[in-house]
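The values are calculated or read from the model by the stated rules, or taken from the named source; none is laboratory data. All figures in this text were calculated on a predicted structure; none of them were measured in a lab. As a convention, Cβ positions derive from the backbone with ideal geometry for all residues, glycine included, and neighbour counts pool all protein chains shown.
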Amino acid sequence: MPPDPPLAFFPRLALAWAAFFRILFDGLFAREVAKLRPSGELPPIPTARASMASLPTIPPPAPVDTALQLLGLFQREGRFVDFLEQDIATFSDADVGAAARVVHEGCRKALRAHARVEPVRTEEEGTRVTVPAGFEPGEVKLSGNVTGAPPFTGVLRHRGWRAVDFQLPIAIADHDAAVLAPAEVEL
Amino acid sequence: MSAAKNARTSATNATSRDGALGQYVVGIDLGTTHSALAFADASATSDKPRIDVMPISQIVARGQLEAQALLPSFLYFAHLSSDGPMALPWDPKRTYAVGEYARSRGVEAPARLISSAKSWLSHAGVDRRSALLPLGAEPDVEKISPVEASWRYLEHMREAWGAQPGRVAEHALAAQDVVIAVPASFDASARELTAEAANAAGIEHLTLIEEPQAALYAWIDAMGDRWRTQVKPGDVILVVDVGGGTTDFSAIAALDRSGSLELARVAVGEHILLGGDNMDLALAHLVKGKLEAQGKEIDRWQMVALTHACRAAKERLLTDADLPSMPIAIASRGSKLLGGGLRADLTRDEVTSTLVEGYFPLVDAAARPAVRPRGALTQVGLPYASDPAVTKHLAAFLARQADATRKLEGFPVPQPQAEKAGALLHPTALLFNGGVMKGKLLRDRVVAALDSWLVADGAPKVRVLDGADLDLAVARGAAAYGLARRGRGIRIRGGTARAYYVGIESPAPAVPGVEPPITAMCLAPFGMEEGSEADLPPHELGVVVGEPIRFRFFGSSVRRADRAGTTLERWKREELDELAPIEVTLPAEGRREGDVVPVRLRAAVTEMGTLLVEAVPLSPLKPDERWKVELNVRSSE
């Protein structure tokens with residue numbers, strides 16, 4: 001059976017545009033797409049038409065609503081924005097410490113209620129570890145004399161963190177997420 | 001209000017189900033401070049269907065919806081011009097919020113908040129169908145009855161259940177078997193009002209279970225088959241349940257009935273309004289005192305923040321025995337976090353002296369809770385326990401129920417001390433429940449107190465049954481009971497936890513200043529099983545047609561031998577508790593207004609688990625003529 005004819009430019013552009021966002025925001029879809037890419041092979045040599053299609057453009061900024069929601073959550077539970085917005089230089093360490101306890105307790109509660117954060121590497125920091133071949137570069141950052149090929153052996157400086165099961169509250173319509181905390185007037 | 005009336009008339013119709021059984025059994029913990037819902041798929045073919053907790057979708061902050069395992073039992077009436085509607089996915093125009101946001105918003109606007117509705121539901125001193133909550137609210141705030149508040153909590157859970165992804169019509173909560181847990185100490189009218197609230201909330205197939213029993217079902221479920229190696233005939237399992245608002249005790253005996261193990265609930269305690277909220281408040285007052293000694297002033301808002309901070313600090317100090325103290329920091333209220341904040345420490349010694357010694361003192365078995373005489377002009381308010389010592393309440397319970405296992409068929413261990421004055425019921429196993437009991441030091445203290453009493457009596461020390469989730473056990477156990485009712489798992493027998501009596505004035509010459517003597521006739525004996533009817537007592541009462549007639553009503557959690565019709569001329573004061581009176585009105589149909597009709601009162605326990613009292617005329621005008629006797633009449637004006 002002959003292969004299907006290649007898609008024309010404009011339908012391809014539309015597809016690329018749609019796929020770009022779906023890949024960016026839909027992790028499951030992205031995983032399926034990633035499976036289509038043969039690993040370890042060189043990308044095909046671009047044809048003239050293909051290079052036109054992949055003209056480098058800066059993607060539009062990610063939507064900020066969930067980020068605002070997270071800030072609002074940390075403010076509500078742990079006075080996070082209050083803490084960052086205040087100039088703390090003139091206060092004593094005791095004052096900063098007392099405030100840090102408020103922020104720590106509240107934000108920690110909020111974080112733990114909405115995500116499970118676990119270390120990327122479970123070994124003790126300061127011990128020698130081996131980074132095997134085929135490691136995920138996003139998970140392990142190499143530093144120092146970065147050269148050669150895996151497996152790498154080195155000292156674990158930071159265990160890393162990974163958020164698992166992150167879930168935010170559902171925003172109900174008409175709610176302005178940009179209001180991180182409403183002004184309060186006591187009657 | 002009209003909906004409440006409709007609910008009342010139909011509350012007793014909800015017992016039987018026609019057609020197929022629901023796919024799910026659902027257990028609901030309708031708690032004083034938190035509620036939870038657990039469920040199991042009864043259509044699953046496995047031996048033991050898995051019980052899961054359903055996180056309940058609720059408003060957690062302005063405009064934010066989230067599902068959480070616990071639904072705080074709070075209701076906040078929105079100030080619509082400033083709060084806007086309390087939009088839910090299933091109702092964008094709702095005027096009130098239930099759950100987490102209700103609780104936190106209620107701190108900021110307390111006059112619009114309802115809390116502890118369940119304690120009001122069991123408070124016989126008020127008309128529980130009257131719109132009295134929030135107590136003392138401004139005229140422009142809507143008010144509802146304690147029954148309606150409970151109904152709104154249950155309704156929220158029904159709606160959240162229905163809004164789960166993938167639901168179809170036959171999954172609606174109305175079509176499932178729902179088990180709601182109530183305190184063992186709830187009397188007949190509080191149980192009936194709970195059933196009424198559930199019915200109004202659209203729950204159609206309802207059964208009630210006592211909370212401590214639910215906790216034991218949850219433990220059995222969590223243990224799997226291993227539980228049979230831990231409980232043997234002759235065991236008496238004491239359940240100590242200290243929640244946010246109430247303390248509840250029950251004793252469950254393990255019996256040998258023709259070779260097989262059977263569990264029977266043999267005793268329940270009194271209704272004690274004492275719980276974790278009191279304890280947190282006590283700590284907050286302690287820290288407040290320390291701050292005031294430094295010249296700081298504490299306003300109401302800071303006091304609430306202080307209470308929250310003390311609760312968190314307490315939980316750490318009670319769990320981790322190595323911590324010497326926990327810092328308490330209260331931020332200032334404005335956007336400037338630093339400066340103006342409050343900082344204090346809560347030390348281990350303070351927690352020990354306030355909570356462990358204050359609420360769980362090591363006392364002698366003869367210790368009894370102090371009774372504070374009530375002033376004649378008491379304000380409308382909840383009847384909080386006047387003695388905070390949980391261990392004293394426990395000693396009183398064990399002494400009062402010393403005879404609970406005597407004459408118990410299939411109970412292999414005679415209790416030799418039962419005749420002795422000051423004897424105690426001897427538990428052999430101990431199951432904790434309720435959020436307060438998460439504190440290890442408090443659990444240890446209960447065990448220590450109990451062991452000291454047992455050892456003094458020459459009895460073996462108690463064993464602690466571990467392994468249940470203290471926050472969610474009641475909801476899980478209620479679902480497990482739902483499965484057991486369908487024959488999947490052992491059932492705890494028990495029946496009614498009280499015997500019920502009607503007060504009859506004896507004919508006697510009137511003496512000024514002396515109350516006419518009263519006799520108490522047993523209507524419903526102790527331990528009546530669901531779906532059973534008591535014998536018709538021989539005593540006749542005259543009821544005037546067309547006029548409401550009230551009778552004094554009593555309950556006893558210790559008189560186990562009385563049969564329906566037994567008449568008591570005198571009794572010990574602590575044997576019978578007076579409950580809210582009962583009332584019957586005979587409609588004039590076929591009879592002349594003002595005629596006196598002789599009737600007998602008969603009691604039955606519905607399949608749902610509520611007490612039903614009916615007036616049966618001696619000469620009926622039509623077959624099976626009877627009138628319902630209203631249980632929940634306010635006792636005193």
| task | Among the residues of the range B:42-96, write down those that are of a type in the set (Ser, Thr, Tyr) and in contact (Cβ under 8 Å) with a residue 40 or more places away in the chain. | result | B:SER57, B:SER73, B:THR95, B:TYR96
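It is to be established whether one or more residues within the range B:43-51 are part of a helix (DSSP H, G or I), modelled with pLDDT under 90 and surrounded by fewer than 16 Cβ atoms within 10 Å (Cβ to Cβ).
no
Whether any residue in the range B:323-345 is over 22 Å from B:ASP241 (Cβ atoms), of a type in the set (Lys, Arg) and more than 14 Å from chain A (Cβ to nearest Cβ) is what I want to check.
No, every residue in the range B:323-345 fails to be over 22 Å from B:ASP241 (Cβ atoms), of a type in the set (Lys, Arg) and more than 14 Å from chain A (Cβ to nearest Cβ).
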| task | Restrict the check to the range B:256-269 and report whether at least one residue is buried (at least 24 other Cβ atoms within 10 Å of the Cβ), in contact (Cβ under 8 Å) with a residue 24 or more places away in the chain and farther than 17 Å from B:LEU408 by Cβ. | result | yes
| query | Taking the condition within 26 Å of B:THR496 (Cα to Cα) and either in contact with a Phe, Trp or Tyr (Cβ under 6 Å, 6 or more places away or on another chain) or at pLDDT 90 or above (or both), does B:GLU159 pass? | reply | no
| task | Kindly state which strands (runs of 3 or more DSSP E) lie completely within the range B:456-574 and contain at least 2 residues that are more than 25 Å from the chain's Cα centre (by Cα) and among the β-branched types (Val, Ile, Thr). | result | B:518-524, B:541-544
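Conditions tested, residue by residue: (1) free of Cβ contacts under 8 Å to residues at least 40 places away in the same chain; (2) more than 8 Å from chain B (Cβ to nearest Cβ); (3) closer than 29 Å to A:LYS109 by Cβ; (4) not in a strand (DSSP E or B).
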residue	(1), (2), (3), (4)
A:ASN145	yes, yes, no, yes
A:PRO150	yes, yes, no, yes
A:THR153	yes, yes, no, no
A:HIS158	yes, yes, yes, yes
A:PHE166	no, yes, yes, yes
A:ALA173	yes, no, yes, yes
A:VAL179	no, yes, yes, yes
A:PRO182	yes, no, yes, yes
A:GLU186	yes, yes, yes, yes
| task | Kindly indicate which of B:VAL126, B:VAL141, B:VAL107, B:VAL147 is in contact (Cβ under 8 Å) with a residue 60 or more places away in the chain and within 21 Å of A:ARG76 (Cα to Cα). | result | B:VAL107
| request: Taking the options B:ALA160, B:ALA175, B:ALA218, name whichever one is surrounded by fewer than 22 Cβ atoms within 10 Å (Cβ to Cβ) and more than 21 Å from B:ALA131 (Cα to Cα). | output: B:ALA175
| request: Check A:THR122 against each of (1) over 20 Å from B:ARG333 (Cα atoms); (2) in contact with a Leu (Cβ under 6 Å, 6 or more places away or on another chain); (3) among the β-branched types (Val, Ile, Thr) and name the one condition it does not meet. | output: (2)
| query | Hey, does the range A:93-103 have a residue that's more than 23 Å from B:PRO55 (Cβ to Cβ), free of Cβ contacts under 8 Å to residues at least 12 places away in the same chain and more than 9 Å from chain B (Cβ to nearest Cβ)? | reply | yes
| request: Return the total of residues in the range B:282-305 being surrounded by 17 or more Cβ atoms within 10 Å (Cβ to Cβ) and within 12 Å of chain A (Cβ to nearest Cβ). | output: 1
| field | Residues that are surrounded by fewer than 21 Cβ atoms within 10 Å (Cβ to Cβ) and in a helix (DSSP H, G or I), drawn from the range B:336-360 | value | B:ARG348, B:ASP349, B:GLU350, B:THR352, B:SER353, B:THR354, B:VAL356, B:GLU357, B:GLY358
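Which one is surrounded by the fewest Cβ atoms within 10 Å (Cβ to Cβ), of the residues in the range B:53-107 that are among the β-branched types (Val, Ile, Thr) and more than 10 Å from every other protein chain (Cβ to nearest Cβ)?
B:THR95
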| field | Near pairs, Cβ below 8 angstrom, 6+ apart or cross-chain, from the range B:211-236 (assigned to a loop (DSSP other than H, G, I, E, B)) to any residue that is crowded, with 17+ Cβ neighbours inside 10 Å and of a type in the set (S, T, N, Q) | value | B:GLY234/B:THR428; B:ASP235/B:THR428
| said: Tell me the residue from A:VAL129, A:VAL120, A:VAL81 that is within 9 Å of another protein chain (Cβ to nearest Cβ) and modelled with pLDDT of 90 or more, please. | reply: A:VAL81
| From the list B:GLU630, B:GLU614, B:GLU578, which one is in contact with a strand residue (DSSP E or B) (Cβ under 7 Å, 6 or more places away or on another chain), within 14 Å of B:ARG550 (Cα to Cα) and loosely packed, with under 15 Cβ neighbours inside 10 Å? | B:GLU578
